[in-house]
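I have placed the structure first, in the form of structure tokens, so that the comments after it can refer back to it.
Derivation of every value follows stated rules applied to the coordinates shown; laboratory data play no part. These numbers were taken from a predicted model, which means no experiment stands behind them. Counting neighbours? That spans all protein chains shown, and the Cβs are built from the backbone with ideal geometry, glycine included.
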Amino acid sequence: MTNRLSRGVRSFVTACVLLVLTAIAAEIGLRIKDDYKTATASPVELAERLTVPCWRTVRTLRPLAERETLDPDRGVRITVRINSLGLRGEEPQIPKSPGTFRILLLGDETFFGPYLAEADTVAARLESLLGSRTDLQVEVVNAAVPGDCPLLSTLRVKGTLLSLDPDLIVQHFDISDIAESAEYRRRTRLDEAGRALACPSATLESGRHLLWFEELKLTAAATSMLSRFFEPPATDAEPNRSMGLSWPDDPAQGELIRLEQALAPLTELRQIADGTYSKFLVSTCPQPWQVSPTASSGPSVREAAGVQAGQHYLSRSVFDRVAAYTTEHSIAWCDAVPYFEDYSAPDVLFFKNSVGLSPRGAELYARVLAKRIMEETPYVWRKVSGPGENIPRAADRRAETHSHDGTWFE
């Protein structure tokens, strides 16, 4: 009887040990898989892995985080570093050093560059282009966050970014911001004048704090499976961007209201810039399907974005309306769309196997921005026609090759 009981206890202990070891092995496997998924993640998925919930701006980049992504076309590993301020790139000095002209870039993954090496981002290219045109130290701070829109950018500026003392603030705006703004406005707290105060994370507002076992990948996998049968808890999921893929030439009143609401924070940003003796500029560049029917046409890329294969949205209506808004509100405007449209082989400006600017597309956008910035702040630069003088246009085609320093040549 004693031997039988002893064998039973040993069997039970052995089973428990095997169960624990199996769980540990599964956890390790899921973490390895998660690291691989981070490397191959979409911009939205990458944002979820690089960010933490925030009471003021839905989410913020995790300070001092470091993740690897893959160049979707070449398969080269890209390291994405987040500094202590929750911004991509090097640590900006606070207070700003004397003799420094600091540019603050705001926007979404177009400026953030999740699949671009740090040196290939719009921020780095812009800093290199402008640095050779002045005796000042030019510093371009990449304050973009994947999935952001002007509403969240404004909250970030009012919350922490003004401490960087920028001389120029550049806000990227594209058609996806309309859908994002409409979604985030639903949870935004406004003051009596209608200005945004905060856009709290739904996760934080729910009041729940993760227990130790809820942070396990094994728990997350089980929760994901069960959520197919039960209602999932409130999360900070990205808005459906397919709602903002195109814009009609004759939009309905509701669409005009959503556009006006998406643009409204730009006026507040301009007022903030004026109040801090900074310049303010709004810029845009197109999505792949606004330039070419074959750009970003890798397997399932367009399908995942809600765009049909071969679709080419030709309407300029939304860009014209944004331009009219900036003119009406005395905001400097930089429209890079014609430069992308006039490019001899526009497909190379975007990744084939993902949605986003390729290194060449980021360089072109930086060149257009550099020229516009020099026009807007001529007192800083030695020669206004510098970086943009060789931007390829339809009337003056340039060779497809370019040197390592970004200089276009015949």
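Using the Cβ-Cβ distance between S163 and E260 with R0 set to 30 Å, the FRET efficiency works out to roughly 0.45. Please list the non-local residues whose amide H lies under 5 Å from the amide H of V140, H modeled 1.01 Å from N, same-chain partners needing a gap of 5 or more. HN-HN under 5 Å from V140: I103.
Normalised by the number of residues in the range 312-380, the mean separation of alpha-carbon contacts (under 8 Å, six or more apart) gives a relative contact order of 23 percent. Here the range 47-147 was treated as a single set of alpha-carbon atoms; its pair distances binned every 5 Å from 0 give 2, 13, 21, 24, 18, 12, 7, 3, 0 percent.
The HN-Hα couplings worked out from phi for the range 140-148 by the Karplus form 6.51 cos²θ - 1.76 cosθ + 1.60 (θ = phi - 60°) are 10, 9, 8, 9, 6, 10, x, x, 6 Hz, whole numbers, x standing for Gly and Pro.
For R189 and D135, what is the calculated FRET efficiency with R₀ set at 56 Å and r taken between the beta-carbons, to the nearest 0.05?
0.80
Modelled spin labels at T276 and D73, positioned 7 Å past Cα toward Cβ, are 3.5 nm from each other.
Once R0 is set to 41 Å, what does the formula 1/(1 + (r/R0)^6) return for the Cβ-Cβ distance between A324 and A65, expressed as a FRET efficiency to the nearest 0.05?
0.55
Both numbers refer to the Cα atoms of the range 91-193; Rg and Dmax are 15.0, 46 Å.
Between S84 and T294, the modelled labels are 5.0 nm apart [label points 7 Å from Cα along Cα→Cβ]. Extension gain, R49 to Q311: 0.36 nm times the residue separation minus the Cα-Cα distance gives 91.2 nm.
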